[in-house]
Amino acid sequence: MKFKALILSCLAVCTTYSCPAIFVPTRGDLAQYNGNSEYVMVASTGRSGSTMLTDRLCKYLPEQYVLKSHLLPPSKAYKGKILFVFSSPDQTAESTLYMALHVKNFGVHHFANVETSSIAWRRNPSMITNPDAKHNLFTFDALGLERHLQVWLHTGVVPASVDEAQILALKYENLWDEETVEAIRSFLKIPEFTLPEWRPRGHQDLTEKEIELRKAHNVGTEEEPIYRAYDKARALWEQAPAFEFFKIK
């Protein structure tokens, strides 16, 4: 596919990006990018800084293709590099619910794109956009964040040195640390790489339903929420280092 065609394709699905990044929704779509080491993919569980990171990469990789996905690790046929960014599962859940309630069609599209999301929830969009006290993102890991982190950080990868690595896993909470930024520079061989100015996460314009659900299920604090549905996913997040190099298993 020629570069111009890639740009046109992106305009149809990635209009929020400032660069010709290509969103890859399925593993079948990903297969067309196999065999070419020029691609750089930003993968994530979603709502973890991947859009910011994707846009930033495009400022430094004008001649390479930048991909974005919420899929599990690709097969070894994929030869490009991958930045896997992840964050607190509890805050990811809060951000996902916020977007689902405030942005039309976001919830349906997001669940369709996250490979580990609940099939039952995909088939019943009202569970996403009209949560009740028992069925909501704070009582059930409907995005499959535990599995997503387990595969990306353990079962689907093998630890590697920076020189042989194909994946750099990045904990969002440490993304602005100088050591993390230097790891990105070394991994992508972009010595001038920088991140935009850090901004606090979260939203102020919560709906009454969001406020009610947070109060009912958050056993932590507003700054560091804890929802029991994410105990296992949170353990994986907490145990992970600020960054880590991997190869595809």
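All of the numbers you see were taken from the coordinates with simple rules; none came from a lab. These numbers come from a predicted model, not from an experiment. Every residue, glycine as well, gets a Cβ built from its backbone with ideal geometry; the counts of neighbours run over all protein chains shown.
What the table shows:
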| quantity | calculated |
| --- | --- |
| Residue match in the stretch 229-240 (condition: within 29 Å of C58 (Cβ to Cβ) and touching a helix residue (DSSP H, G or I) at 6+ places or on another chain (Cβ under 7 Å)) | yes |
| Considering residues of the stretch 90-115 that are in a loop (DSSP other than H, G, I, E, B) and touching a residue at least 60 places away in the same chain (Cβ under 8 Å) only, the residue nearest to D205 (Cα to Cα) | V114 |
| Of all residues in the stretch 143-182 being closer than 17 Å to L71 by Cβ and polar (S, T, N, Q), the one that is surrounded by the most Cβ atoms within 10 Å (Cβ to Cβ) | Q166 |
| Subset of the stretch 116-135 [part of a loop (DSSP other than H, G, I, E, B) and either closer than 24 Å to V151 by Cα or small (G, A, S) (or both)] | T116, S117, S118, A133 |
| Residue count for the stretch 185-231, restricted to those that are among the polar types (S, T, N, Q) and either part of a helix (DSSP H, G or I) or surrounded by 10 or more Cβ atoms within 10 Å (Cβ to Cβ) (or both) | 4 |
| A240 vs. criteria more than 20 Å from Y39 (Cα to Cα) and either buried (at least 17 other Cβ atoms within 10 Å of the Cβ) or charged (D, E, K, R) (or both) | yes |
| Flag if K76 is free of Cβ contacts under 8 Å to residues at least 40 places away in the same chain and part of a loop (DSSP other than H, G, I, E, B) | no |
